[in-house]
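Data first, discussion second: the structure below is written as structure tokens.
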Amino acid sequence: GQFNNGFYNSLVDRPWNRRTVPGGTQWQRGPTIMLNADMELAYNVVDATGSLLPGINRCGPVANPDDCAVSGDFGNLATTFANDQQAFFDAFSASLQRMVEVGYATGLSEVSG
């Protein structure tokens, strides 16, 4: 794998189709899937309670979002990161530095692979 803005390119530049699976919803294009949490970075697919908005079966690309509205909160940022890898690197670097400086609360368990 390579660390780049490919996730954002995939999210905003091509369409995704909703699929109901045991336990919830996936968004699929070929063998690649996204979860509602991924899709919310660019599109409005769930309401404030986390329930899937009705009538949404296809999202994307951002330029022609089909059933979905582009997320006002994050859609512009997802598009920026898709179009500007350096902007993504800069934001990621600042966020990672902040997480390292702040650390995590005591009492949390480490997850081992």
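Structure summary
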| item | result |
| --- | --- |
| Condition check for F88: in contact (Cβ under 8 Å) with a residue 24 or more places away in the chain, outside any loop (DSSP other than H, G, I, E, B), surrounded by 10 or more Cβ atoms within 10 Å (Cβ to Cβ) and not hydroxyl-bearing (S, T, Y) | yes |
| Tally of residues being assigned to a helix (DSSP H, G or I) and open to solvent by less than 60 Å² (accessible area, probe 1.4 Å) across region 1-10 | 4 |
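The values are calculated or read from the model by the stated rules, or taken from the named source; none is laboratory data. Since the structure is predicted, the reported quantities are computational estimates derived from the model, not experimental observations. Note that each Cβ is placed from the backbone with ideal geometry, even for glycine, and that neighbours are counted across all protein chains shown. Note: accessible area is taken over every heavy atom of the protein model, side chains too, but ligands, DNA and RNA are not part of it. Shrake-Rupley method; radii C 1.70, N 1.55, O 1.52, S 1.80 Å.
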